[in-house]
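Asker: Starting off with a structure, shown below.
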Amino acid sequence: MRLEVGNVSVKNVQFGSNTEIKNEALFINRDELLRLLEVDKRLTNINIELAHPGEKVRICRVSDVIEPRARTGRRKEEFPFPGALGIRGTAGEGGLNALRGVCVTLTDQGGPYLTQSDMGSPSEKTPIGFVIDMSGAGAEVSPFGKMHHVVVVADMPRGVHDEDYALALRIAGLRVAAYLGRAAEDLKPDSVEVFELPAVPEIGKGNESLPKIGFILQVHWGQWYALPGEPIYYGDDCRRLQPTIVHPNEVLDGAVLRSYFGLGTSTYAFQNHPVITELYRRHGKELWFMGVILDMSICFEPERERAANIAAKLAKDILGLDGVILNKFGGGAPMVDTSQRALACEKRGIRSVMIMGDPTYRDGGSGLLFNQPECDAIVNCGPFILRPKMSAQEKVIGRPADMQPPATDDFSEGFMKLMGATDQMGLSKLRAFHVPEYREEIVEKNAAQRAIDMLLGKLAGEPFEPEVPLPKFEHPTPAPPIKDLAKANIALVTSGCLIPRGNPDNLAPGYSSESFGEYSIKDVNRICSDMYKPYHIGLRLHYIEEDPQRLIPVDVMRDLESEGVIGKLNDTFYSYAGVATSVQTSRNIAKGIIERLKANKVDGVILTAT
């Protein structure tokens, strides 16, 4: 399969009477583009704004970044995102022209991600989402701070469901990218990159000395369900995706798109996937690039273990790999999926290296959720939670006019909220260092390049230094069983941060929560959603919002109490946010709760997690 990507340089973007490229400048007919988007009634108040490198501009609520592209040659009439736009064709061969230096950027003004984020930031009217700065310190750490942006801003009409709005916004972004790409379809590119791999049995014939390398590409995470009908892989929402072998050209050619709940990555990163392009660059010289296994994090057992075994079997028995690169997609739980895939590969004799954001907490505690010694080869793509130094901006795109623009240098979010800065596809050159102190630096090679270096060294038997140290987990001795449950006082505790609406205790339910709340349920038979709300990030909360009993099962406990199965339900339940909380902070929270439990003579606890 052969894919030819023509690079068309764009060094300026402005509005004009025609949409065309002249002298490395992209001119956009704004009215024509708006008419194209206004046919979708799931969007309203649509606007197109421009942002350029060096301008004092902050783009907020960024939900995706897409590179404009157009098919060329015999595929000229085809849309560049098969399955999402146009017919459900295939990708990976033929020609296309890509507009280098410009991207389509979507700002989310009302989708479900904002709804969930708002629960993690109750002090704000609406969160800022992901951010791109066009100047200053924020622009330096993200590749998107150096590009021209065609920003799509659209509100959610009254009566439209937030998921329908989010899906419409995604399609609008793809349409804009295809529309702008047409300006380059007949141009002679400045240069052409060729990506070509034969069928697997033909790769490496006649030269068995080079290691056979593959890539297990995580494209979605089950912790956040995809939007119904959301185009992720050839238009499919990948809700039950099992490990699948694909040609790497398909990824580069628009078959894989960022999911709506993709944490910090972008469709741009898939179109220019740094692991795939770097493996191609070294193909036939340092390694044989055998292919890609498409994967998603399941986040549930035993499905997670099943998928790990399937991925490892494909890697060994079909692709015949000696080594494999794996990436993590999304937040905390997917790192377990990634490590299980790596462990399953290692058990089959395939050496592995993982790429993921550094999960170290602000207090220095490790956030890594695994510590198998076989899975110590980790390359980080920057610190997720460490707060970046930011520069003040003068203009904000993607924020309601009635709100104070978040354009100051006071940025309370972590690096992962800077779009592209900690991209887990390996795009960024930002790296976290652990010695002599925890810090971040921009380094010469991106995470994808460093991961391949580490893997080749590992295969050669060379020592390597993991970029994320494995944690040491304690194994506490369980308490003895309750002798007589019918006389026991049982308390409910949750890490899901179910608290009274309005957050009266001002808990910090985001990262590194340091306190807990205690709430009376004396004489209460059922917790109602009009009184309690989950303030938690990292997962979709609508099931708990519908019925808080799913997190604090007071109704079931009252039944057990009345039936004599338990002696008593404790008069107070305890709640905190167990997301991105270090071991030491968790110990401190636990000590405080344990003091209350002992004072109330509690015999046992039901701890519910999210």
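Asker: How far apart, in nanometres, would the label points at E465 and S209 be if each is projected 7 angstrom from Cα along the Cα-to-Cβ direction?
Answerer: 3.1 nm
Asker: Now a separate question. In what sequence, highest mean first, do 360-373, 164-177 appear when ranked by Cβ atoms within 10 angstrom?
Answerer: On the way: 360-373: 17.0, 164-177: 22.9.
Highest-to-lowest ranking by the protection proxy: 164-177, 360-373.
Asker: Right, something else. So for the range 485-608, what percent of the C-alpha to C-alpha distances run longer than 16 Å?
Answerer: Values: 4580 of 7626 pairs.
Above the 16 Å cut-off, the range 485-608 has 60 percent of its Cα pairs.
Asker: Around D603, what is the net charge, scoring Lys/Arg as +1 and Asp/Glu as -1 over all other residues with Cβ under 11 Å from its Cβ? Intermediate results must be reported in sequence, preceding the final value.
Answerer: On the way: positive: K483, K487, K568, K598, K601; negative: D484.
Overall, the nearby charge balance is +4.
Asker: Further question on the same structure: Using the Cα centre of the chain as origin and beta-carbon charges of +1 (Lys, Arg) and -1 (Asp, Glu), tell me which of N207, F261, I566 is placed farthest towards the positive end of the dipole.
Answerer: So the residue furthest toward the plus end is N207.
Asker: Further question: How far apart, in nm, are two points set 7 Å out from the Cα along the Cα-to-Cβ line at K285 and at L607?
Answerer: A separation of 5.1 nm, rounded to one decimal place.
Asker: In Å, the Kirkwood hydrodynamic radius of the range 290-395 over pairs of distinct alpha carbons? Walk me through the intermediate numbers first.
Answerer: Details: mean 1/r = 0.0670 Å⁻¹.
In the range 290-395 this quantity evaluates to 14.9 Å.
Asker: Could you state the orientation-averaged shadow area of the convex hull built on the Cα atoms of the chain, in nm² to one decimal? It would help to have the intermediate numbers written out before the result.
Answerer: Details: hull surface 115.3 nm².
Approximately 28.8 nm², given one-decimal rounding.
Asker: Starting from the Cα-Cα distance between E193 and N18, subtract it from 0.36 nm times their residue separation and give me the gain in nm to one decimal.
Answerer: 60.1 nm
Asker: Let me ask something additional. Would you mind getting me the FRET efficiency between N7 and T477? Use the beta-carbon distance for r and R0 = 60 Å, nearest 0.05.
Answerer: Values: r = 61 Å, r/R0 = 1.02.
The pair N7/T477 has a calculated efficiency of 0.45.
Asker: Which cross-chain or sequence-distant (5 or more) residues have an amide H under 5 Å from the amide H of K533, H modelled 1.01 Å from N in plane?
Answerer: Excluding prolines and chain starts, which carry no amide H, the hits are I499, R501.
Asker: With only Lys, Arg, Asp and Glu charged, each at its Cβ (+1 for the first two, -1 for the last two), find how big the charge dipole of the range 329-412 is about the Cα centre; round to the nearest 20 debye. All intermediate terms of the calculation are to be shown ahead of the outcome.
Answerer: Values: 9 positive and 10 negative charges, 52 e Å.
I would put it at about 240 debye.
Asker: Turning to a different aspect of this structure: Name the shape class, rounded, prolate or oblate, that the alpha-carbon gyration tensor gives for the range 145-297, where a ≥ b ≥ c are the square roots of its eigenvalues, rounded holds for a/c under 1.5, and otherwise prolate holds if a/b is larger than b/c and oblate otherwise.
Answerer: Working: a/c = 2.75, a/b = 1.55, b/c = 1.77.
Cα axes put the range 145-297 in the oblate bin.
Asker: For the range 247-253, just list the computed ³J(HN,Hα) in residue order, Karplus coefficients 6.51, -1.76 and 1.60, θ = phi - 60°, integers in Hz, with x standing in for Gly and Pro.
Answerer: Whole-Hz 3J(HN,Hα) from phi for the range 247-253: 6, x, 4, 4, 5, 5, 9.
Asker: Counting only DSSP beta bridges with both residues in the chain, what percent are antiparallel, rounded to the nearest 5?
Answerer: Approximately 45 percent, going by the DSSP bridge assignments.
Asker: Each label point is 7 Å from the Cα along the Cα-to-Cβ direction; what then is the distance between the points at D523 and R348, in nm?
Answerer: The two pseudo-label positions are separated by 6.2 nm.
Asker: Once the piece of chain linking K56 and I318 is laid out straight, how much longer is it, given 0.36 nm per residue of separation minus the C-alpha distance between them?
Answerer: Details: separation 262, 0.36 × 262 = 94.32 nm, distance 5.11 nm.
Contour length minus the Cα-Cα distance gives 89.2 nm.
Asker: Now a separate question. By the scheme Lys and Arg +1, Asp and Glu -1, what is the net charge of all other residues having a beta-carbon under 12 Å from that of V5? Walk me through the intermediate numbers first.
Answerer: Numbers: positive: R2, R69, R71, R100; negative: E4, E67, E93, D190, E193, E196, D253.
Local charge sum for V5: -3.
Asker: What net charge is computed for the residues neighbouring C103, neighbours being all others with C-beta under 13 Å from the C-beta of C103, Lys and Arg scored +1, Asp and Glu -1?
Answerer: Details: positive: R69, R100, K146, R258; negative: D64, E67.
Taking every other residue near C103 into account, the sum is +2.
Asker: From zero up to wherever the largest Cα-Cα distance of the range 222-263 sits, split into 10 Å bins and tell me the percent of pairs in each.
Answerer: Result returned by the calculation: 28, 56, 15.
Asker: Here is a further query. Is the shape of the range 543-610 rounded, prolate or oblate, going by the alpha carbon gyration tensor and its root eigenvalues a ≥ b ≥ c, with a/c under 1.5 for rounded and a/b larger than b/c for prolate?
Answerer: Values: a/c = 3.03, a/b = 1.29, b/c = 2.35.
Because a/c hits 1.5 or more and a/b fails to exceed b/c, the range 543-610 counts as oblate.
Asker: Let me ask you something else. Between T44 and N506, what is 0.36 nm times their sequence separation minus the Cα-Cα distance? Round to one decimal in nm. Intermediate values should be presented prior to the final figure.
Answerer: Working: separation 462, 0.36 × 462 = 166.32 nm, distance 3.51 nm.
Net length gain for the segment: 162.8 nm.
Asker: Using r as the Cβ-Cβ distance of A25 and I245, and R0 as 45 Å, what FRET efficiency do you calculate, to the nearest 0.05?
Answerer: Values: r = 42 Å, r/R0 = 0.93.
Result of the calculation: an efficiency of 0.60.
Asker: Apply 1/(1 + (r/R0)^6) to the Cβ-Cβ distance of R35 and D236, taking R0 = 41 Å, and write down the FRET efficiency to the nearest 0.05.
Answerer: Working: r = 30 Å, r/R0 = 0.73.
E(calc), rounded to 0.05, equals 0.85.
We did not get these values from a lab; they are worked out from the coordinates using the rules stated. A quick note: this is a predicted structure, and the numbers were derived from the prediction, not measured. Cβ coordinates were reconstructed from backbone atoms using ideal geometry, including for glycine residues, and neighbour counts include every protein chain displayed.
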